[in-house]
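Asker: After the structure tokens below, expect a handful of questions from me.
The values are calculated or read from the model by the stated rules, or taken from the named source; none is laboratory data. Nothing here was measured: the structure is a model prediction, and the numbers come from that model. When we count neighbours, we look across all protein chains shown, and the Cβ atoms used for this are built from the backbone with ideal geometry, even at glycine.
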Amino acid sequence: MSLRLQLLQVARLAPRLLGDSADLVRDFLRGQITASGGGADRDGRPDLYYTIFALAGLQALDAEIPADPVRAYLESFGDGENLDFIHLSALARCWAALDHKGMPSDLPERLLNRIEAYRKADGGYEGDTKLKYGTAYGAFVALGAYEDLNRKPPELLKLVQALKRLESKDGAWSNVPGAPLGATNATGGAVTLLNHLGFPINQSVGDWLLQQAHPEGGFLAVPKAPMPDLLSTATALHALAAMDRRLTSSVHERCLDFIDTLWSAKGGFHGHWADDHLDAEYTYYGLLALGHLSL
């Protein structure tokens, strides 16, 4: 099962906790698909990156995807000649959400050739062309794109070795080699990827992740961050589940309370306490977090 489908499988459990509010989330996500067929960014403009989350959220809630306008939107990008690394991978993921129906048969090879141009000398991937090393986020994005197009990255072991170089001195992962402190999202991405590929993970990494739980609920992006956020919470919960690490009942309840504070009656989720916006990305992370907390 691909990384995308693993995440989707968990997000599909969110209605257990949403109850009747699931209809509000469906309506919100439907409203995130613009007239062009693309998902709306935070300014309401269609963007491939946000389209990923609008489509995944609709799938998680068993809502119909407006396939024809979405397909037309994807076709407008061709083989991604003018797209950066993140949007190239988004194009691959969006086609996968449509089960590749209508996708040109030669698109996977052309798209992946463009993604491969972002591979670094250490075997990792990263969209910033100025960096000479791959990042945990880049590895997660690249592997996801390959899997979404039913392929595997070449020299997969080198990708894993590049991740090894990103281990932080406190026993987690960072997106910078030799960092003194880890980051929750980099650690969550590395754990998810390594577990997916069948590599062992030291249980002390689970201890580190649990230490990022905030006293008022949710998880911090980095140690001593000023407040928890929904992305870090969702990625931490996903990584802990991959390691078969259970939350204590008190942490579990505080996470539910935290997510509830980010919920809007408009049907979406805010990213953190200081976030005034609603978008498909954080709403999908809300579904993923709730899916884990429903187990």
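Asker: Restricting to segment 203-258, what's the tally of residues that are of a type in the set (A, V, I, L, M) and assigned to a loop (DSSP other than H, G, I, E, B)?
Answerer: First pass over segment 203-258, keeping only residues of a type in the set (A, V, I, L, M): 205, 209-210, 213, 220-222, 225, 227, 230-231, 234, 236-237, 239-243, 247, 251, 256.
Those still in the list that are assigned to a loop (DSSP other than H, G, I, E, B) too: 220-222, 225, 227, 243, 247.
Within segment 203-258, residues that are of a type in the set (A, V, I, L, M) and assigned to a loop (DSSP other than H, G, I, E, B) number 7.
Asker: Restricting the first residue to segment 1-14 and requiring it to be touching a residue at least 24 places away in the same chain (Cβ under 8 Å) and in a loop (DSSP other than H, G, I, E, B), which pairs with a second residue that is crowded, with 19+ Cβ neighbours inside 10 Å and acidic (Asp, Glu) meet a Cβ separation below 9 Å and a spacing of at least six or different chains?
Answerer: Qualifying pairs under 9 Å: 2/147; 2/148.
Asker: What about residue 137, is it in a helix (DSSP H, G or I), closer than 30 Å to residue 184 by Cβ and not polar (S, T, N, Q)? Before the answer, list the steps.
Answerer: Working: in a helix (DSSP H, G or I): yes; closer than 30 Å to residue 184 by Cβ: yes; not polar (S, T, N, Q): yes.
Yes, satisfied.
Asker: Scanning for something under 27 Å from residue 59 (Cα atoms), among the small types (Gly, Ala, Ser) and within 20 Å of the chain's Cα centre (by Cα), does segment 242-262 turn up at least one residue?
Answerer: Within segment 242-262 (the criterion being under 27 Å from residue 59 (Cα atoms), among the small types (Gly, Ala, Ser) and within 20 Å of the chain's Cα centre (by Cα)), the answer is yes, since at least one residue qualifies.
Asker: Moving on. Taking only pairs six or more apart or across chains, which ones have beta-carbon atoms under 6 Å, a first residue in segment 276-295 that is part of a helix (DSSP H, G or I) and hydrophobic (A, V, I, L, M, F, W, C), and a second residue that is crowded, with 24+ Cβ neighbours inside 10 Å and modelled with pLDDT under 95?
Answerer: Nothing qualifies.
Asker: Just one of (1) of a type in the set (Val, Ile, Thr); (2) under 29 Å from residue 177 (Cα atoms); (3) surrounded by 15 or more Cβ atoms within 10 Å (Cβ to Cβ) trips up residue 129, so point out which.
Answerer: The number of the failed condition is (3).
Asker: So, one more: Within the bounds of segment 60-78, is there any residue that is out of contact with any Asp or Glu (no Cβ under 9 Å at 6 or more places or on another chain), under 16 Å from residue 92 (Cα atoms) and among the charged types (D, E, K, R)?
Answerer: yes
Asker: Of the residues in segment 69-111, how many are over 23 Å from the mean Cα position of the chain (by Cα), part of a helix (DSSP H, G or I) and under 20 Å from residue 32 (Cα atoms)?
Answerer: Matching residues across segment 69-111 total 3.
Asker: Taking residue 89 and the conditions (1) touching a residue at least 12 places away in the same chain (Cβ under 8 Å); (2) under 30 Å from residue 19 (Cβ atoms), which numbered condition does it fall short on, given that it satisfies the others?
Answerer: Tallying (1) touching a residue at least 12 places away in the same chain (Cβ under 8 Å); (2) under 30 Å from residue 19 (Cβ atoms), residue 89 fails exactly one: (2).
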